Amino acid sequence: MSFDGLASPSITLKPAQRQSGDQPFGWGFAWYPRGDNAAVVIKDPTSIGENAMTKVLRDWERFQSCVFLCHIRGAAQRITQQDTHPFERSFAGRDWIIAHNGDIEGDLEGLFPLEKNSPFEPIGLTDTEHVFCWLLDQVRGMGARCLADVGWHKLYAYFTELNKHGTANFLLSDGQDLVVYHDKNRFNGLHWTRRLPPHKDNKLENDEVSLDFSDEMDTNRTVCVISTKALKGDDYWVPFEAGQMLVLRRGAIVWNSQGAAITPAILGATGDTSARVKKHTGRVQVAIGEQTAARKTHTHRRSHSGRMRAVASTVRVFNVLHETKYQYVNPVERSTHVFRLKPVIDATQHLLSHTLSINVDGLRRDFEDVFGNSATHLEVETPFKEMVISSRSLVRVDGAGCTLHRSPARRLTIPLVWMPWQRQMMNPYLLPPELPETQLSELSDFAMSFVERQDFDLLETLVDMNLTIYRDFHYVSGSTRNETTPFEVYTQRKGVCQDFANLFICLARLLGIPARYRVGYIYTGANYQNKVQSEASHAWAELYLPWVGWRGFDPTNGCVVGSDHMRVACGRNYLDATPTSGTIYAGGGPEALSVDVRVAVANDADLAELNGPGEEG
């Protein structure tokens, strides 16, 4: 099992319940307490019924690990402690664990000779321990200090070579990654599942083992489970392909020998919103900024992959109509209103024309608010039963300015170090929402799971977080309210663009990264299934990154903001950037609100109507 955070599942070994006294069985169990590099391994080679150690697995609430390995086998022949799986060795400041289902046959000393004066030497007589020592010799010889240093293709080649000489289902871990290899002839077929909260059933079981995830610390954990026999529960189990290898890290599949997707490392932006997934050997490359704008509810869990690269961007011009209509049962006699509907003007976005029409007369004043948003204040003393606010804009967006760049001086890692005056300026964007400490603590653990999965790299962490929300959270219209908190979104795993932006902002701030809320529009194009996002204002997050500045991340679509996004207003939260707001002092009664947003690529006729090149109308 690989969890996205520290977990304490209850494990019941069912042979202990059903084996009679003359039918012993052997088992071994390993985990990394508190996520440390040191592992704990307990074994019972000839267990008969329940004993103190099986009770530990079932009842102990202090496992607190992200990685768990278990090996169960019958004991038809005499098995000793030294020959019971899993096996452990210490190297490069960490404990390495291996478990093997199968038999590697032949002259092991000749096929897989151990290095002279090697620090790794088998204690028992199993083929598994010998090839384990051989594998560690290869790791040591190339100067690697963890599995990731070896390289997944290289490690896959080692397992493939071992598989030529027998049956091979392997589990291998260094505490950070869990590598799973399935036999090329599907010997004792392996299965995997990725469980996402909220869990319909907190218990999974088969004839050999029962897993209980009902501990309050585990209910919000994401976990990848690998099992020889699929466990019964609410999960969709996927059979391994012949000769397939998966690499799991912090509850996610980060490498797949069959070409499935992994967590991304792609930085850039583009104007094309069509989803382009380009398959490569062992990987899938997804251009950030190319995801479709239409958020879909996924029936199959998937992750994404890619390597670091820049993505080409284009300059695009959009025609935007944003119409808001308020209707009241009784006339509104006196009211004030604030509208933030004028798109941003800066180096990457230019406003070619803009008009704001309101069907109700009043004292109107344009101003710039404290967050730099162009706003309009309207004070109305003429009674009305209907107010229509119509904003028309012609916006040119240059996606090239939205590209993420690495620091030219050094690799940026978390935590970021801010100078005192920088922190003073960014303080409003560093404070997470006021939530109970227990909730903030759990959200902080969730945020740190991305940091640790990406080796503390700043950009990799943010891209992973952005795409994970897109992949693992469902877009469900009407499932939340304006008051829905980031913790509620985290536990329910559903919401709308506002909720996903709020969650991303909260996680970023808990990591010490300044983040703000952005309201604007998104172009979805002609071919999309869910038009919700293009028929209302869209929301995403913007983060301030050293050497880069403010950059947008759209967790609703799993992309870096590019030339399909038009920016309007920003602030600490939704209230600071809401497009329309107001206060009724007299009259009104029940209110009906309707919003219609239309975004289209500008045509020649739209551009021909401009009076003067590049000037605001």
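The values are calculated or read from the model by the stated rules, or taken from the named source; none is laboratory data. Predicted model only: the values in this text are computed from it and were never measured. With ideal geometry, Cβ positions are generated from the backbone for all residues, glycine too; neighbour counts draw on all protein chains shown.
Worth a mention:
- When His474, His565 are checked against the criterion of being modelled with pLDDT of 90 or more and either more than 19 Å from the chain's Cα centre (by Cα) or in the same structural domain as Val223 (by TED's automatic domain parsing) (or both), His565 stands alone in meeting it.
- Leading residue by the ranking (nearest to Leu412 (Cα to Cα)) among those in the range 488-523 that are in contact with a Lys or Arg (Cβ under 8 Å, 6 or more places away or on another chain) and either modelled with pLDDT of 95 or more or charged (D, E, K, R) (or both): Ala515
- Residue within the range 461-472 that is outside any helix (DSSP H, G or I) and in contact (Cβ under 8 Å) with a residue 24 or more places away in the chain present: no
- Flag for Arg453 being modelled with pLDDT under 95, in the same structural domain as Val560 (by TED's automatic domain parsing) and touching a helix residue (DSSP H, G or I) at 6+ places or on another chain (Cβ under 8 Å): yes
- Scope the range 77-110; condition part of a helix (DSSP H, G or I) and over 42 Å from the mean Cα position of the chain (by Cα); matching residues: Leu108, Glu109, Gly110
- Residues (free of Cβ contacts under 8 Å to residues at least 12 places away in the same chain and of a type in the set (Gly, Ala, Ser)) located in the range 91-139: Gly110
- Each residue in the range 416-428 was checked for being part of a loop (DSSP other than H, G, I, E, B) and either at positive phi or among the aromatic types (Phe, Trp, Tyr) (or both), and 1 pass.
- Strands (runs of 3 or more DSSP E) lying entirely in the range 125-198 (those with 2 or more residues that are buried (at least 22 other Cβ atoms within 10 Å of the Cβ) and modelled with pLDDT of 95 or more): 169-173, 178-181
- The sole residue among Leu435, Leu440, Leu431 that is in contact (Cβ under 8 Å) with a residue 24 or more places away in the chain and in a helix (DSSP H, G or I) is Leu440.
- Criterion violated by Ser357 - all others in (1) touching a Cys at 6+ places or on another chain (Cβ under 8 Å); (2) of a type in the set (S, T, N, Q); (3) surrounded by fewer than 19 Cβ atoms within 10 Å (Cβ to Cβ) satisfied: (1)
- Residues (among the β-branched types (Val, Ile, Thr), in contact with a helix residue (DSSP H, G or I) (Cβ under 6 Å, 6 or more places away or on another chain), surrounded by 22 or more Cβ atoms within 10 Å (Cβ to Cβ) and farther than 13 Å from Asn557 by Cα) located in the range 468-511: Val489
- Of residues in the range 547-562 being of a type in the set (Val, Ile, Thr) and either part of a strand (DSSP E or B) or modelled with pLDDT of 90 or more (or both), the one surrounded by the fewest Cβ atoms within 10 Å (Cβ to Cβ): Val561
- Applying the criterion of at least 2 residues that are in contact (Cβ under 8 Å) with a residue 12 or more places away in the chain, β-branched (Val, Ile, Thr) and within 30 Å of Val548 (Cα to Cα) to the strands (runs of 3 or more DSSP E) found wholly in the range 356-412 leaves 384-398.
- Residues of the range 528-546 satisfying the condition of being at pLDDT below 80 and in a loop (DSSP other than H, G, I, E, B): Tyr528, Gln529, Asn530, Lys531, Ala536
- Within the range 331-354, being in contact with a Phe, Trp or Tyr (Cβ under 7 Å, 6 or more places away or on another chain) and among the aliphatic types (A, V, I, L, M) holds for one residue alone: Val332.
- Of all residues in the range 477-512, those satisfying the criterion of being in contact with a strand residue (DSSP E or B) (Cβ under 6 Å, 6 or more places away or on another chain) and under 15 Å from Pro198 (Cα atoms) are Ser479, Val489, Lys494.
- Whichever residue in the range 413-434 is aliphatic (A, V, I, L, M) and in contact with a helix residue (DSSP H, G or I) (Cβ under 6 Å, 6 or more places away or on another chain) and, among such residues, is farthest from Asp457 (Cα to Cα): Leu430
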